[in-house]
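Taking it in order: structure first as structure tokens, then the write-up.
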């Protein structure tokens, strides 16, 4: 668990409040609505050339999304489907323009041959089943390049079974939309029945790095703790064993880190990114 202690009095209050909350909730949610609180880490950085991050899932449940590398309006990470299948997930709106201007659409120009692409209600999803496990590290990487007036985003994950980096998908959009910004990691869960918010979803994120346009790697050692829909069950966030920690669902409300507070890890901003990441980026150029 996170570094903040769980006080018995606070836990009793949380259980009582949560019991009142569950009785009054409908058994299903609208498809676009998060029913567990969404907890998020906002990282610094704009116009980033590459974003590397790692996750260790501690607890999951059906309908849970673990965003490891989020940028702009794109989510990239792990997802547990309603049928318990566990996949790598890439999700983004087809266009950010209210008028559906075709010139501003994000296009998929490559997908992993075993991945499944769907488009529904203006959102594109790409899923690849890998049966990920709790308590194991999973690594993700996004690179950004400008090619012929287009911004090209290449996404990769380290395939544990194959023991190598695997290219997942390539997205392209007009250069006018800029490079990588709004960097984040998050956990969120859809309510499948009125008791699902009782199930804890938690993970640590760490050893993250960003590559700026000056070709310098900087370690992600600070983030802002963000909470959306705080009425949706327990929340927690902070740091644990030198990594960022997030939790949503369950019966506990965070006792130490207030929403919008800044979480600072130890160590210097400068660091050494994994060598295989640098080799992968050089090979892709």
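Laboratory data are not the source of any read-out in this text; all were calculated from the coordinates shown. Every value quoted in this text rests on a predicted model; they were computed, and no experiment measured them. Virtual Cβ from ideal backbone geometry, glycine too; neighbours counted across all protein chains shown.
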Which order do 181, 285 fall in if you start with the one that has the fewest other Cβ atoms within 10 Å?
285, 181
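What's the ranking of 54-64, 108-118 by average number of surrounding C-beta atoms within 10 Å, highest first? Mind dumping the intermediate values first?
Numbers: 54-64: 20.9, 108-118: 13.5.
Output ranking for 54-64, 108-118: 54-64, 108-118.
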Centroid-to-centroid separation of the stretch 118-181 and the stretch 40-56 [C-alpha atoms, Å]:
13 Å
Here the gain from full extension of residue 133 to residue 117, 0.36 nm per residue of separation minus their alpha-carbon distance, amounts to 3.5 nm
If packing is taken as the average number of other Cβ atoms within 10 Å across a peptide's residues, how do 74-84, 208-218 rank, most packed first?
74-84, 208-218
Rounded to the nearest 0.05, what FRET efficiency do residue 110 and residue 265 give with R0 = 25 Å and r taken as the Cβ-Cβ distance? Could you check?
0.15
